[in-house]
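The values are calculated or read from the model by the stated rules, or taken from the named source; none is laboratory data. What you see is a predicted model, and the numbers here were worked out from it, not measured in a lab. Using ideal geometry, Cβ is built from the backbone for each residue, glycine included, and neighbour counts are taken over all protein chains shown.
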Amino acid sequence: MKRPKLIVDGYNVIHRLEKYRRLQKKEVELAVNQLINDLSRLRASTDCRVTVVFDGKGESVEMKAGVEVIYSAKGKTADTVIERLSRSEKGRLMVVTADYQQQKVVFRKDVSRITPHELSMLIEEADEEIRSDRPVSDRTFLEDRLPRDIRDKLDRWRKE
């Protein structure tokens, strides 16, 4: 089963949440980096795939801290990219935006609409889980982090 995907309208979140607006006043890149770091922790806590989309001056896609970061092409908005991604994505999808029109466009079965404030609460919950006293093993194995189907395939290859 495919892991759920979270698609975030980056500047929409930055403009709506005080935490990022304060950073943006100093420098936009500080707010962008903080949002990506927060989304990275959320991704690690929830094991969902995370994509953040920003309005851009030239289309680019890169991975930062396990988060797919997309800048839209010149003349295109993040909304356009989010609409395209939401149409092509199969399975459970969550879209974070405060833009009501955007919410209406991406709404379909298996799509949840999340406000920036709700995203902020999810990030706080993830941070709380990370800070909690849950036991941490002294030893970590790559095998434990691989999806079950990949482990099964590797096990079959090993036995051949």
Handout entry: Verdict on Leu35 being of a type in the set (A, V, I, L, M, F, W, C), closer than 30 Å to Ile150 by Cα, surrounded by 18 or more Cβ atoms within 10 Å (Cβ to Cβ) and touching a residue at least 12 places away in the same chain (Cβ under 8 Å)
Key = no
Handout entry: Selection within region 1-18 - of a type in the set (Lys, Arg) and surrounded by 15 or more Cβ atoms within 10 Å (Cβ to Cβ)
Key = Lys5, Arg16
Practice task
For Lys57, indicate whether it is more than 20 Å from Glu125 (Cβ to Cβ), over 16 Å from the mean Cα position of the chain (by Cα) and in contact (Cβ under 8 Å) with a residue 12 or more places away in the chain.
Solution key: yes
Fill in the blank from the handout: Considering residues that are more than 14 Å from Val13 (Cβ to Cβ) and outside any helix (DSSP H, G or I), the number found within region 39-69 is 15
Practice task
Check region 69-78 and report whether any residue there is surrounded by 14 or more Cβ atoms within 10 Å (Cβ to Cβ) and in contact (Cβ under 8 Å) with a residue 60 or more places away in the chain.
Solution key: yes
Practice task
Might you check whether a residue that is at pLDDT 95 or above, closer than 27 Å to Glu128 by Cβ and surrounded by fewer than 16 Cβ atoms within 10 Å (Cβ to Cβ) occurs anywhere in region 38-58?
Solution key: no
